[in-house]
1. Around Gly341, under 12 Å between beta carbons, what's the net of Lys plus Arg minus Asp minus Glu among the other residues?
2. Quick one: work out the % antiparallel among DSSP beta bridges in region 6-145, nearest 5.
3. What helices does the chain hold that run 15 Å or longer along their axis, going by alpha-carbon atoms, with a Kyte-Doolittle average of -0.5 or more, using DSSP H for the helix calls?
4. Which net charge results when you count Lys and Arg as +1 and Asp and Glu as -1 among the other residues whose beta-carbon is under 14 Å from that of Gly54?
5. Rounded to the nearest 0.05, what FRET efficiency do Arg359 and Glu62 have when you use their Cβ-Cβ distance and R0 = 41 Å?
6. Between region 210-234 and region 3-67, what is the C-alpha centre distance in whole Å?
7. In whole Hz, with x marking every Gly and Pro, tabulate ³J(HN,Hα) for region 244-257 from phi via Karplus 6.51 cos²θ - 1.76 cosθ + 1.60, θ = phi - 60°.
8. Please label the shape of the chain as rounded, prolate or oblate, based on the square roots a ≥ b ≥ c of the eigenvalues of the alpha-carbon gyration tensor (a/c under 1.5 means rounded; beyond that, a/b larger than b/c means prolate, else oblate).
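Every read-out reported here was derived from the displayed coordinates using simple, explicitly stated rules and does not represent laboratory data. All values derive from a computational prediction rather than experimental measurement. Glycine also receives a Cβ, built like all others from the backbone with ideal geometry; neighbour counts cover every protein chain displayed.
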Amino acid sequence: MNNPTIAGLMAPLLETAPIDQRLEITFDDVTVVLTSNSQALTDKLGRYFRDFLGGGGQTVIEVTAIEAGPPAFDLPFAVHPREPGKTKLKEASIDLPDGRVVHKLLTGLVFLFGQGKNYAVGPCLENDNQVVNFINNRFIENRLKRGALLFHAAGVAMGGAGLVIAGFAGAGKSTLALDIMGQGTDFISNDRVMVSREGANLTMAGVAKMPRINPGTVLNNPNLASVMNAEDRARFSALPQAELWDLEHKYDAFIDECFGPGRFKLACPMAGLVILRWKRDASPLLANRVDLRQRRDLMPAFMKDMGLFYEFEDPAEPSMASQNAYLSLLGDVPVLEIDGGVDFAKAARVCLEFLESVRR
């Protein structure tokens with residue numbers, strides 16, 4: 001194909017694959033309509049997104065997932081380097097006249113998107129977590145193009161007031177959010193939060209991604225006991241706490257199974273921001289209100305690149321908003337810095353007290 005396009009690449013696949021399955025998922029005011037040739041895939045994704053099934057969103061995004069072998073698109077992909085400390089190359093991409101093609105090197109899945117078209121092609125059923133991420137990325141892109149900024153953060157809410165929890169790499173923001181959930185809060189998001197301003201108020205929107213947690217988090221939170229079998233519990237309980245912290249073994253923690261139905265809300269007004277800057281030592285935990293305009297060193301903890309799955313209208317557009325843009329958006333929102341030694345139980349109490357004090 002001399003001048004490849006997404007439409008041209010997909011045409012023969014769409015002609016031969018019987019796209020007869022349909023699933024509707026609604027995230028706040030956005031409905032994702034997933035069509036597929038695999039009932040097993042739509043059934044599996046329906047179980048994953050069970051808190052958000054149904055239509056009715058003001059905006060509709062269409063996604064087509066074709067279960068097949070890894071597609072052999074003859075394209076000059078550019079391989080993307082991994083983050084520092086990572087070794088395996090995971091992604092390659094190419095921009096075409098009508099969108100972008102992303103090739104997942106380890107799984108063979110290919111994602112094609114642009115001009116309102118969104119496709120996942122390859123072994124989708126075996127790698128449904130990547131299809132989940134692709135669906136969520138379509139929602140993230142929609143929010144960002146409506147003026148939201150992307151935060152690398154978790155989120156919880158109490159009484160309709162939300163708390164964004166950010167932290168530098170490995171800080172344990174998701175673990176802290178799940179500890180706070182044990183006190184009766186609602187869950188908003190695990191790892192990405194989109195914040196937008198509506199008049200004088202901020203709104204935070206999460207992503208329908210279940211927390212992926214390590215064994216240490218499970219062992220230290222009774223609400224998460226159901227995600228680990230007895231054999232794993234015995235094996236991981238014998239390991240030192242420091243070793244548990246860095247394990248790559250992960251579990252999906254379904255919010256309804258761990259905390260009860262109706263606790264995953266996905267969107268609410270934002271009342272405050274917590275930034276974790278603590279360390280793995282025995283020093284006492286410290287919590288202090290800060291002014292981000294005077295503490296710009298804390299801002300990289302939550303500022304997030306839009307990523308490979310964002311379709312830029314202008315190739316020259318920066319992939320991350322500036323610090324000034326984040327400061328302008330946040331305005332005078334209360335910010336709490338948590339420093340000192342790691343203490344999840346105390347931090348959960350501090351965060352709840354902070355949220356209670358800033359609720360409007």
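1. Local charge sum for Gly341: +1.
2. Once the DSSP bridges in region 6-145 are tallied, antiparallel ones form about 70 percent.
3. Working: long enough: 6-16 (16 Å, 1.38); 128-145 (26 Å, -0.78); 344-358 (21 Å, 0.89).
Passing helices, by number: 6-16, 344-358.
4. Its environment carries a net charge of -2.
5. Values: r = 38 Å, r/R0 = 0.93.
Efficiency, from the Cβ-Cβ distance: 0.60.
6. 32
7. 4, 4, 9, 5, 8, 5, 10, 10, 7, 9, 6, 4, 5, 6
8. It is prolate, given that a/c is not under 1.5 and a/b is the larger ratio.
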